[in-house]
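Please read the structure below before turning to the comments.
Read-outs: derived from the displayed coordinates by stated rules, not from any lab. Just so it is clear, the model here is predicted, and its values are computed rather than measured. For neighbour counting, all protein chains shown are included, and Cβ atoms are generated from backbone atoms with ideal geometry for every residue, glycine included.
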Amino acid sequence: MLFHVRMDVRIPHDLPSKETAEIIAREKAYSQELQRSGKWRHIWRIAGEYANYSVLDVNDNVELHEILSGLPLFKFMDIEVTPLLRHPNAIREDDT
Ligand SMILES: O=C(O)CC1=CCC(=O)O1
């Protein structure tokens, strides 16, 4: 199942910089591992914002929730999820 996910990051300004850097490093490792596994298909920076658009390919809502709630930055994010399905006019065969 494909999901489009918007993540807006709002790290409190008073969080110590060392802690911030450590969480961001863990976030990178976490998302890159999921990208390598194929579960996290796309991640795009939204220009001019500390936010991203991502596409995740997961088994079900439960797995999506587990992945998103496991993000090291989860408690500092606003997340908006949109379920996707194949468009009937799509011509790419490898994109279900
Ligand atoms: O958009 C960001 O910087 C937050 C984020 C989520 C996964 C990731 O690698 O970074």
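Assorted remarks:
- Each residue of the stretch 30-46 is assigned a 3J(HN,Hα), and the resulting list reads 4, 6, 5, 5, 5, 5, 4, 6, x, 6, 9, 6, 9, 9, 10, 6, 8 Hz, derived from the Karplus form 6.51 cos²θ - 1.76 cosθ + 1.60 (θ = phi - 60°), x at Gly and Pro.
- Förster radius 22 Å - calculated FRET efficiency between E93 and D60, Cβ distance, rounded to 0.05: 0.40
- R0 of 35 Å, Cβ-Cβ distance E80-E19: FRET efficiency to nearest 0.05: 0.85
- Estimated vicinal HN-Hα couplings, Hz - the stretch 61-77 in sequence order (Karplus 6.51, -1.76, 1.60; Gly, Pro = x): 4, 5, 5, 4, 4, 4, 5, 5, 6, x, 4, x, 8, 3, 5, 10, 10
- Cβ crowding within 10 Å averaged over residues, with 79-86, 53-60, 22-29 ranked highest first: 53-60, 22-29, 79-86
- Phi-based couplings in Hz for the stretch 81-92 (Karplus 6.51, -1.76, 1.60; Gly and Pro marked x): 10, 10, x, 10, 9, 4, 7, x, 9, 5, 9, 6
- Summary of the geometry: the stretch 48-71 and the stretch 21-36, compared by the centres of their Cα atoms, lie 13 Å apart.
- Value of relative contact order over the stretch 2-84, rounded to a whole percent, pairs C-alpha under 8 Å and six or more apart: 52 percent
- Under-5 Å amide H pairs with W40, H placed in peptide plane, nonlocal only: Q35, D57
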